[in-house]
Structures are given as C-alpha cells and as structure tokens.
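The values are calculated or read from the model by the stated rules, or taken from the named source; none is laboratory data. Fair warning: this is a prediction, and the values are worked out from it, not measured in the lab. We place every Cβ from the backbone using ideal geometry, glycine too, and count neighbours over all the protein chains shown. Protein only, heavy atoms only, side chains kept; ligands, DNA and RNA dropped before computing areas. Shrake-Rupley method; radii C 1.70, N 1.55, O 1.52, S 1.80 Å.
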Amino acid sequence: MTETATLSEVIRLIKFIVNNFDDGLAILLGRTPPPSAVDIYERKCGAQADYGVRIAGGEDIPKPQIVLESVQEDIVYKLGGWDNITRGFCYYRELYPETWMLFEMSCLFVRPGGMLRDGKGGASAMIGKRFDGITAKTQRRRRDAFIRTIALFLITRPEDDKFRLYDDSLLNKKLN
C-alpha cells in the first residue's frame, strides 16, 4: 500500500455501504461476502439496461472499465482490501461495545423514509428510549462521529497492526 485513503474517502465508503446495502453492517463485519465491483457500480449508478450496442453519443469508456476503476474499489484497495476493513470493524467492535451498539441499532433500524412508522417517532424514538432518551438529531450526530472515528481507525491501523500517523491538511484546517 503506497498511498493511503483520505478520511473523507473512507467516510463516504462506509456511508455508501451502510446506506445502500440492506446487509451493509454484515458486509463491514465480514459476515456476508463483500459486494463486487459490479454490485457497487449498480448501487451507485442504478441498474441500467444493456442494449448490446454502444449508443451514439454515449460514453467512450467501456462499462467494464468504469466498473473496475470505481472510486470505491480504489478506496478498498488503499485500505488493504475487504479483509482488512472487516478486521478493523470487528476489532473496533470488541474495543468499544457501548459505542458500537448505538451504531449497530442505527444501521439496522433507521433508514431514509423510515422502516417503522408507528406514530410515536419510529425507530429513532425506540433507539432514543434505549439510550437514555437521546433525540434523533443526537443519534445522527453520534452516528456521523462514529463513522468518522472508525474511518480514522481504519486508516491509522493498517493490515500489519502497526499504527501510523494520519496527516491530512484538510483535516488540520477543520480542526484549527
């Protein structure tokens, strides 16, 4: 691994997997196989009809090349592959079980448009009751903070388990 992924790239990857795959959390934990480059491409761009011919005025780059050169695949490569990502998530889960539980419930039950509509606040209200009455806004902030933390954890804890410092000029600007 010569080049490391940036914090914002890894955050986008985690959010993409969690938000676009029903089994996103299982993917990140290694319980289900990681999505293929084609799966990622189709989730990102939507399933598109294949007419068997190149449409005049269409893209000059063949679809297989676009699929293989996707940004998500590049980020996964920079992080050391799916095995390293799942190992990092599992290790983080062991180290911080309290934080993990809120993230896990949020990933499983809170979806855009809602999964549970009971007139009492839905899944966010249910999770809030379980975690000392935190509001939906606080849940979103904590979830975003968790994703940022685990992204930094994945970047600084490479596959050889030796921590490395992370230097991102954009991050330094935001903090100072």
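On the given criteria, is Arg111 part of a helix (DSSP H, G or I) and either open to solvent by less than 60 Å² (accessible area, probe 1.4 Å) or modelled with pLDDT of 85 or more (or both)?
Numbers: part of a helix (DSSP H, G or I): no; either open to solvent by less than 60 Å² (accessible area, probe 1.4 Å) or modelled with pLDDT of 85 or more (or both): yes.
When the stated conditions are applied, Arg111 does not pass them.
I'd like the full set of residues that are in a helix (DSSP H, G or I), among the small types (Gly, Ala, Ser) and modelled with pLDDT of 60 or more, limited to region 119-176.
Once the filter is applied, which keeps residues that are in a helix (DSSP H, G or I), among the small types (Gly, Ala, Ser) and modelled with pLDDT of 60 or more, region 119-176 yields Gly122, Ala123, Ser124, Ala125, Gly128, Ala136, Ala145, Ala151.
Residues that are at pLDDT 80 or above and among the β-branched types (Val, Ile, Thr): which helices (runs of 4 or more DSSP H) entirely in region 22-94 hold 2 or more of them? Give the derivation first.
Numbers: elements: 24-29, 37-45, 63-68, 71-78.
It comes to 71-78.
May I ask you to verify whether Met105 is modelled with pLDDT of 80 or more, farther than 19 Å from Val10 by Cα and buried (at least 16 other Cβ atoms within 10 Å of the Cβ)? Let's see the steps before the verdict.
Values: modelled with pLDDT of 80 or more: yes; farther than 19 Å from Val10 by Cα: yes; buried (at least 16 other Cβ atoms within 10 Å of the Cβ): yes.
Against the criterion (modelled with pLDDT of 80 or more, farther than 19 Å from Val10 by Cα and buried (at least 16 other Cβ atoms within 10 Å of the Cβ)), Met105 qualifies.
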